[in-house]
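One structure below.
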Amino acid sequence: MPQQLTPTNLNQLAKEFGTPLYVYDADKIKVQYRKLTSAFGLDTVFFYACKALTNINILKYIRSLGANIDCSSINEVRLALYAGFTPNRILYTSNGISFSEIEEAHDLGVIINIDSLSNLEKFGMKYGHSYPVGLRLRPNIMAGGNLKISTGHDKSKFGIPVDQTGQILEVVDKYHILVNDLHIHTGSEITDVSVFLKGIAVLFEIVPLFKHLKFIDLGGGFKVPYKEGDTETDIPLLAAKVKEAFANSPSAAGRNLQIWFEPGKFLVSECGYFITEVNVIKETSSTTFVSVNSGFNHLIRPMFYDSYHRIENISNPDGAEKVYSVVGNICETDTFAWNRKLHQVREGDHLVFYNAGAYGFEMSSNFNSRYKPAEVLVKDYQALLIRKRDVFEDLLRNQIEVL
Ligand code: LLP
């Protein structure tokens with residue numbers, strides 16, 4: 001297996017492991033992680049937002065690179081521990097969770113960001129100043145690729161609105177809570193570096209009110225390119241501007257605050273390839289449909305977020321180009337792409353979808369009682385099966401036959 005995954009060896013993998021198939025390139029994850037560490041230096045800490053892709057091998061690999069991990073459920077915390085992250089490298093950024101999960105996270109010794117006044121009160125009452133904790137704030141900033149992935153605006157459910165800082169301080173004072181981290185995550189696919197600077201400015205206004213702060217957590221949301229010439233977050237520029245903002249802020253002066261980020265897509269979007277096989281070609285008066293052996297049950301992003309995934313016919317790279325609409329085989333509209341130019345497609349050909357690593361397999365389901373795809377990790381010139389394709393028994397596994 002050559003280092004760079006080419007259409008030819010993706011096609012070989014499809015033949016070897018069958019389709020639909022997710023393939024991840026470990027080297028690409030490393031390249032992305034190094035882009036961050038080389039731009040920001042070693043004093044900035046990156047917590048991989050593992051909601052993007054939680055295969056245990058991916059978690060172990062990312063741990064081996066030196067990254068920390070950000071979790072969005074107690075089960076992700078458990079997976080992170082299982083993958084070998086020590087509790088001090090695990091961050092649980094909560095969102096509307098029951099207090100019992102916070103208790104569990106506390107007992108596991110992981111870092112916690114609390115996102116509601118209600119849970120902060122419960123935390124104070126139970127733990128007082130015995131366990132430093134972070135606050136997930138809503139900075140009231142609109143950012144991100146589209147509304148569904150914007151999380152920091154003034155109508156968003158996420159975080160404690162920053163305009164409620166007075167109420168936060170009342171709870172903090174009442175229980176002598178040690179707030180060591182302020183967190184924001186404004187959205188996903190942010191290209192505009194100034195969004196992060198606005199967030200920093202919001203946080204710096206209240207930094208003087210928190211005496212025990214050690215960390216400023218700016219969340220994730222770096223954009224990667226989806227096609228040639230597409231925009232992406234300029235990481236070196238972001239690093240320079242963020243560092244400058246920290247260096248020049250009077251409220252950060254002398255506080256020695258460490259910068260944290262939680263990248264998800266940036267680390268694993270481009271490492272992932274989703275390979276499908278063409279079941280049917282259907283000519284209609286308006287459109288030539290290519291139906292593949294998948295649908296939004298396996299890759300929901302195009303239907304859910306209107307996301308663009310580059311598609312390539314890896315079985316016929318030299319075929320003449322034609323325009324097709326690529327759809328799935330599930331019993332609902334599941335269009336992957338309208339009017340896309342592809343090298344001539346024939347039934348049985350393999351089509352690959354790019355940028356499929358983040359929120360691809362992770363958001364897949366068994367809708368229409370289809371099997372979830374297999375996953376393969378390409379690492380050190382080897383293709384390793386890291387998840388078996390479902391089998392029929394998986395569909396019935398947790399069902400209880402009472403009739
Ligand atoms: N930190 C927090 C608190 C988050 O909620 C998220 C993503 C991240 C970090 C990582 O964001 P990223 O670097 O991946 O943009 N399923 C959608 C994206 C939803 C993101 C949810 N939160 C998609 O496929 O576009």
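The values are calculated or read from the model by the stated rules, or taken from the named source; none is laboratory data. All values derive from a computational prediction rather than experimental measurement. Note that each Cβ is placed from the backbone with ideal geometry, even for glycine, and that neighbours are counted across all protein chains shown.
Scan Glu347, Glu375, Glu401 and give me the residue that is among the acidic types (Asp, Glu) and surrounded by 14 or more Cβ atoms within 10 Å (Cβ to Cβ).
Going through Glu347, Glu375, Glu401 in turn, the sole match is Glu375.
Could you tell me whether the range 163-179 includes any residue that is in contact (Cβ under 8 Å) with a residue 40 or more places away in the chain, within 24 Å of Val242 (Cβ to Cβ) and within 16 Å of the ligand (Cβ to nearest atom)?
Checked the range 163-179: no residue is in contact (Cβ under 8 Å) with a residue 40 or more places away in the chain, within 24 Å of Val242 (Cβ to Cβ) and within 16 Å of the ligand (Cβ to nearest atom).
If I ask for residues that are outside any loop (DSSP other than H, G, I, E, B) and surrounded by fewer than 21 Cβ atoms within 10 Å (Cβ to Cβ), which ones from the range 69-78 would you list?
Hits for the range 69-78 are Ile74, Asn75, Glu76, Arg78.
Counting only residues that are within 16 Å of the ligand (Cβ to nearest atom) and assigned to a loop (DSSP other than H, G, I, E, B), which one in the range 262-294 is surrounded by the fewest Cβ atoms within 10 Å (Cβ to Cβ)?
Restricting to residues being within 16 Å of the ligand (Cβ to nearest atom) and assigned to a loop (DSSP other than H, G, I, E, B), the top hit is Glu270.
(1) at pLDDT below 95; (2) within 12 Å of the ligand (Cβ to nearest atom); (3) at positive phi: which one isn't true of Thr191, the others all being true?
Status for Thr191: all satisfied but (3).
Name the pairs: first residue in the range 358-374 and away from the ligand (no atom under 16 Å from the Cβ), second residue part of a loop (DSSP other than H, G, I, E, B) and among the aromatic types (Phe, Trp, Tyr), Cβ to Cβ under 8 Å, at least 6 apart or on different chains?
If the second residue must be part of a loop (DSSP other than H, G, I, E, B) and among the aromatic types (Phe, Trp, Tyr), the pairs left are Phe367/Phe296.
Can you tell me which of (1) under 16 Å from the mean Cα position of the chain (by Cα); (2) surrounded by 19 or more Cβ atoms within 10 Å (Cβ to Cβ); (3) of a type outside the set (A, V, I, L, M, F, W, C) is the one Thr19 doesn't meet?
Of everything listed in (1) under 16 Å from the mean Cα position of the chain (by Cα); (2) surrounded by 19 or more Cβ atoms within 10 Å (Cβ to Cβ); (3) of a type outside the set (A, V, I, L, M, F, W, C), Thr19 misses just condition (1).
Hey, does the range 26-45 have a residue that's surrounded by 17 or more Cβ atoms within 10 Å (Cβ to Cβ), not β-branched (Val, Ile, Thr) and not in a helix (DSSP H, G or I)?
No, the conditions are met nowhere in the range 26-45.
Is it the case that the range 80-95 has a residue that's at pLDDT below 95 and either surrounded by fewer than 22 Cβ atoms within 10 Å (Cβ to Cβ) or not β-branched (Val, Ile, Thr) (or both)?
Yes, the range 80-95 has at least one match.
Table: residues versus (1) touching a Phe, Trp or Tyr at 6+ places or on another chain (Cβ under 7 Å); (2) hydrophobic (A, V, I, L, M, F, W, C).
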{"site": "Leu59", "(1), (2)": "no, yes"}
{"site": "Arg63", "(1), (2)": "yes, no"}
{"site": "Ser73", "(1), (2)": "no, no"}
{"site": "Glu76", "(1), (2)": "no, no"}
{"site": "Arg89", "(1), (2)": "no, no"}
{"site": "Phe99", "(1), (2)": "no, yes"}
{"site": "Ile114", "(1), (2)": "yes, yes"}
{"site": "Gly128", "(1), (2)": "yes, no"}
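Could you say which residue among Leu59, Leu5 is touching a strand residue (DSSP E or B) at 6+ places or on another chain (Cβ under 9 Å), at pLDDT below 95 and surrounded by 20 or more Cβ atoms within 10 Å (Cβ to Cβ)?
Answer to the selection: Leu5.
Only one of (1) over 26 Å from Gly124 (Cα atoms); (2) of a type in the set (Asp, Glu); (3) at pLDDT 95 or above fails for Glu228. Which number is that?
Among (1) over 26 Å from Gly124 (Cα atoms); (2) of a type in the set (Asp, Glu); (3) at pLDDT 95 or above, the lone unmet condition for Glu228 is (3).
Which ones in the range 296-313 are charged (D, E, K, R), assigned to a loop (DSSP other than H, G, I, E, B) and more than 11 Å from the ligand (Cβ to nearest atom)?
The answer is Arg310, and nothing else.
Of the residues Leu147, Leu135, Leu120, only one is within 15 Å of the ligand (Cβ to nearest atom), of a type outside the set (Phe, Trp, Tyr) and touching a Phe, Trp or Tyr at 6+ places or on another chain (Cβ under 9 Å); which?
Leu135
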